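Okay, structure first, notes after.
The values are calculated or read from the model by the stated rules, or taken from the named source; none is laboratory data. Source: prediction; values computed, not measured. Backbone-built Cβ (ideal geometry, glycine too); neighbour counts: all protein chains shown.
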Amino acid sequence: MHAPLVHFVPVTAVPPNGREILISASEKERFDIAAECGLEGINRFEAAFYISKGAGPLLAVQGQISADIRQLCGVTLEPIEAKVNAEIAVTFTLDPIKYLVAQDIDLVNEDPPEQVQDGQIDLGALAVEHLVLNLDPYPRSSQAIFDSQKWLDTGHSREDFAQPNPFAELAKLKPKP
């Protein structure tokens with residue numbers, strides 16, 4: 001499967017004072033991203049990044065994504081519109097293991113730098129990753145109202161829906177002292 005949004009930036013193309021990069025996904029890219037992320041559609045997907053050289057062999061990527069998406073309501077299965085806005089801050093290095101050993105990074109409290117692949121950073125993949133991380137996992141339409149009273153007034157008790165306890169059945173087979 002191909003990546004739905006690709007935007008490579010060579011590490012050598014980052015000047016000492018940094019570089020700003022803007023990405024606006026095309027209609028086909030939005031369609032591909034929606035298909036990969038299980039969305040009904042994406043009306044707009046944009047990302048703005050600023051890449052700068054950090055301490056030593058590090059590159060700092062800061063930015064934000066903004067998207068107008070359509071998800072299915074988890075209750076009614078009707079399409080609902082939503083907005084996704086997220087901030088991004090990621091550090092990259094050519095050799096993360098070497099950097100971790102040299103800097104004695106505390107992996108419990110700090111995120112290690114990401115690996116630069118083939119001398120370049122894919123900002124498209126980074127944008128899609130952060131879109132996925134910021135999707136509502138339980139989208140719900142404003143018409144999806146749970147009426148607990150409706151469910152309580154069925155004439156049944158909780159015991160009517162209780163599953164039999166298999167250990168209680170086994171206990172009946174145990175010889176009595």
Notebook entry, point to check: Yes or no: E40 within 26 Å of L72 (Cα to Cα), acidic (D, E), surrounded by fewer than 18 Cβ atoms within 10 Å (Cβ to Cβ) and touching a residue at least 12 places away in the same chain (Cβ under 8 Å)?
Noted result: yes
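Which count do you get for residues in segment 56-75 that are among the aliphatic types (A, V, I, L, M), touching a helix residue (DSSP H, G or I) at 6+ places or on another chain (Cβ under 9 Å) and farther than 16 Å from V132 by Cβ? Walk me through it before giving the result.
Initially, segment 56-75 is screened for residues among the aliphatic types (A, V, I, L, M), giving 58-61, 65, 67, 69, 72, 75.
Keeping just the survivors that are touching a helix residue (DSSP H, G or I) at 6+ places or on another chain (Cβ under 9 Å) gives 58-59, 61, 65, 67, 69.
Next, from what is left, pick out any that are farther than 16 Å from V132 by Cβ: 58-59, 61.
Total meeting the criteria: 3.
Within segment 1-20, count every residue that is of a type in the set (A, V, I, L, M), surrounded by 11 or more Cβ atoms within 10 Å (Cβ to Cβ) and part of a loop (DSSP other than H, G, I, E, B).
Of the residues in segment 1-20, the ones of a type in the set (A, V, I, L, M) are 1, 3, 5-6, 9, 11, 13-14.
Restricting the remaining residues to those that are surrounded by 11 or more Cβ atoms within 10 Å (Cβ to Cβ) gives 3, 5-6, 9, 11, 13-14.
In the following step, the residues that additionally are part of a loop (DSSP other than H, G, I, E, B) were identified as 3, 5-6, 14.
Total meeting the criteria: 4.
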Checklist line | Only listed residue being more than 21 Å from the chain's Cα centre (by Cα) and among the polar types (S, T, N, Q), chosen from N17, N43 | finding: N17
Margin query: Checking K28 against (1) outside any loop (DSSP other than H, G, I, E, B); (2) surrounded by 14 or more Cβ atoms within 10 Å (Cβ to Cβ): exactly one of these is not met. Which one?
Written below: (2)
Next item on the list: Provide a single number: the residues in segment 1-19 that are more than 26 Å from L135 (Cβ to Cβ) and either touching a residue at least 12 places away in the same chain (Cβ under 8 Å) or not hydrophobic (A, V, I, L, M, F, W, C) (or both).
Entry: 9
Margin query: Restricting to segment 8-43, name every residue that is β-branched (V, I, T) and over 14 Å from G124 (Cα atoms).
Written below: V11, T12, V14, I42
Margin query: For L39, only one of the following conditions fails: (1) part of a loop (DSSP other than H, G, I, E, B); (2) touching a helix residue (DSSP H, G or I) at 6+ places or on another chain (Cβ under 8 Å); (3) over 17 Å from N134 (Cα atoms). What is its number?
Written below: (3)
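Does E110 qualify as being among the acidic types (D, E), over 27 Å from A144 (Cβ atoms), surrounded by fewer than 15 Cβ atoms within 10 Å (Cβ to Cβ) and modelled with pLDDT of 95 or more?
Details: among the acidic types (D, E): yes; over 27 Å from A144 (Cβ atoms): yes; surrounded by fewer than 15 Cβ atoms within 10 Å (Cβ to Cβ): yes; modelled with pLDDT of 95 or more: no.
The answer is no for E110.
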Next item on the list: Return a yes/no flag: does segment 56-78 have any residue that is farther than 30 Å from I145 by Cβ and not in a strand (DSSP E or B).
Entry: yes
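Per-residue answers, yes or no, for (1) in contact with a Cys (Cβ under 7 Å, 6 or more places away or on another chain); (2) at pLDDT below 95; (3) surrounded by 13 or more Cβ atoms within 10 Å (Cβ to Cβ); (4) not acidic (D, E):
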{"residue": "S24", "(1), (2), (3), (4)": "no, no, no, yes"}
{"residue": "I33", "(1), (2), (3), (4)": "no, no, yes, yes"}
{"residue": "A47", "(1), (2), (3), (4)": "no, no, yes, yes"}
{"residue": "A55", "(1), (2), (3), (4)": "no, yes, no, yes"}
{"residue": "G63", "(1), (2), (3), (4)": "no, no, yes, yes"}
{"residue": "L72", "(1), (2), (3), (4)": "no, yes, yes, yes"}
{"residue": "V75", "(1), (2), (3), (4)": "no, yes, yes, yes"}
{"residue": "P79", "(1), (2), (3), (4)": "no, yes, yes, yes"}
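Mind checking which residues of segment 119-135 are in contact (Cβ under 8 Å) with a residue 24 or more places away in the chain, under 17 Å from E87 (Cβ atoms) and either among the acidic types (D, E) or in contact with a helix residue (DSSP H, G or I) (Cβ under 8 Å, 6 or more places away or on another chain) (or both)? I'd like the intermediate steps shown before the answer.
First pass over segment 119-135, keeping only residues in contact (Cβ under 8 Å) with a residue 24 or more places away in the chain: 119-128, 130-135.
This time we only want the ones that are under 17 Å from E87 (Cβ atoms), so: 123, 126-128, 130-135.
Passing the criteria: V128, L131, V132, L135.
Yes or no: F92 at pLDDT 80 or above, out of contact with any Cys (no Cβ under 6 Å at 6 or more places or on another chain) and of a type in the set (A, V, I, L, M, F, W, C)?
Details: at pLDDT 80 or above: yes; out of contact with any Cys (no Cβ under 6 Å at 6 or more places or on another chain): yes; of a type in the set (A, V, I, L, M, F, W, C): yes.
Yes, satisfied.
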